[in-house]
Amino acid sequence: MGVVAGSMNDQVRPVCSVCIANYNGREYIDRCLQSVQEQDCPFPVEIIVHDDASTDGSPQYIRENYPGVLLIASKRNVGFCVSNNRMVARARGRYILLLNNDAELFPDAVRTLHAEALSHKEGAILGLPQYEASNGSLLDFGLLFDPFLNPMPNLDPHRREVGMVIGACLWLPKTLWEELGGFPEWFHTLAEDMYLCCRARLRGYPVRVIPRSGFRHWVGSSLGGGKVIENRLSTTMKRRALSERNKSYVIVVSYPTPFFELLFPLHVLILLFEGAILSVIKAEKDLLHFIYLPCLRSLWMSRHLLRRVRRDVQSSRRIRVRHFFSVFLATSHKLKMALRYGLPEIR
């Protein structure tokens, strides 16, 4: 594989631009970048890193050790959505691969994604099997949804159509990214991949996982939590707050009528009930006041924006409602996980 440095090889157009959002990821960035540089593929690949005002010396380290990487160093922290939008705007490749700084590609990952992309002439969002980097265990072949848009791991390698491909390793044509409008910058961080995949599916573009190759992921290293630790669910207050808020945004803009009118009020009631129960059982009022009530407040404060986006998303829908919900399962993922692991530890 030839790694193309943007300023040095302007005449060589890369086939793929690998876009890596980095914030204080110096502990992981070597393994991430080396996994891209060591790709077994016969075409040029461009590597772009957006550093989101890291305080761990990441920008200088990348400049000194990876001169072939196009580094965009932000002076202030702008979040995952803006970081990726900036990188894709600078990308010269026909295809985009969004990659987390805590993810490591298998050697044939880019070649596998490119070969599959060639069979989708009109465009598709593609992903690879995800493995836990700490122990090599399989995490998922993409994600399905429960009725309230909680992501559920797909463990069936024969099921290739999924609800979403995790943004830690997400491939699509640059033209499709531009058609979908990229990541919504008002999300800041989390669930932007869910938004993009739901919007793509509503417009008739496949969201698929290739059951070959893969990537290793140090899950939860960026925002903390979001995983099972010592047989217990563990997350952070910040991650849970962003997740609940942004997932609710996606429900508002993507659920077609009449399912939106039926499920959204129930979603709000469940959030209030969940917040009250967790606050009482764990004797922590902060859970209700820092996660659940702000989520509902944000939905109300953003109602005009959400209404405009919903109108745009729904007016461009090209698939039947039943096809949109074909990647949903009837069971509640939160309830299933609570029964298996108990109530989550929220730090």
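The values are calculated or read from the model by the stated rules, or taken from the named source; none is laboratory data. Keep in mind that this is a model prediction, so the values were computed, not measured. Counting neighbours? That spans all protein chains shown, and the Cβs are built from the backbone with ideal geometry, glycine included.
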Completion exercise
Those residues of the stretch 113-131 which are modelled with pLDDT of 95 or more and surrounded by fewer than 15 Cβ atoms within 10 Å (Cβ to Cβ) amount to A115, L118, S119
Problem - Pairs where the first residue, in the stretch 116-136, is farther than 16 Å from I96 by Cβ and of a type in the set (A, V, I, L, M, F, W, C) and the second is modelled with pLDDT of 95 or more and surrounded by fewer than 19 Cβ atoms within 10 Å (Cβ to Cβ), C-beta under 9 Å, 6+ apart - result: A133/R31
Handout entry: Flag if R92 is more than 18 Å from the chain's Cα centre (by Cα), of a type outside the set (S, T, Y) and surrounded by fewer than 16 Cβ atoms within 10 Å (Cβ to Cβ)
Key = no
Handout entry: Exclusive hit being over 23 Å from V207 (Cα atoms) and within 25 Å of the chain's Cα centre (by Cα), set V268, V280, V309
Key = V268
Fill in the blank from the handout: Okay, strands (runs of 3 or more DSSP E) sitting entirely in the stretch 106-218 with 1 or more residues that are β-branched (V, I, T), I get 125-127, 207-209
Handout entry: Options L149, L155, L144: the member that is modelled with pLDDT of 95 or more, among the aliphatic types (A, V, I, L, M) and surrounded by fewer than 17 Cβ atoms within 10 Å (Cβ to Cβ)
Key = L155
Practice task
Tell me, please, whether a residue that is assigned by TED's automatic domain parsing to the domain that holds A191, small (G, A, S), in a helix (DSSP H, G or I) and out of contact with any Lys or Arg (no Cβ under 6 Å at 6 or more places or on another chain) can be found in the stretch 60-74.
Solution key: no
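So that you can scan it fast, the table gives a plain yes or no per residue for (1) in contact with a helix residue (DSSP H, G or I) (Cβ under 7 Å, 6 or more places away or on another chain); (2) closer than 21 Å to Y195 by Cβ; (3) of a type in the set (K, R):
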{"site": "T236", "(1), (2), (3)": "no, no, no"}
{"site": "L278", "(1), (2), (3)": "yes, no, no"}
{"site": "Y292", "(1), (2), (3)": "yes, yes, no"}
{"site": "R307", "(1), (2), (3)": "no, yes, yes"}
{"site": "A330", "(1), (2), (3)": "no, no, no"}
{"site": "G342", "(1), (2), (3)": "no, no, no"}
Completion exercise
The residue from F215, F187 that alone is farther than 27 Å from Q314 by Cβ, at pLDDT 95 or above and not aliphatic (A, V, I, L, M) is F215
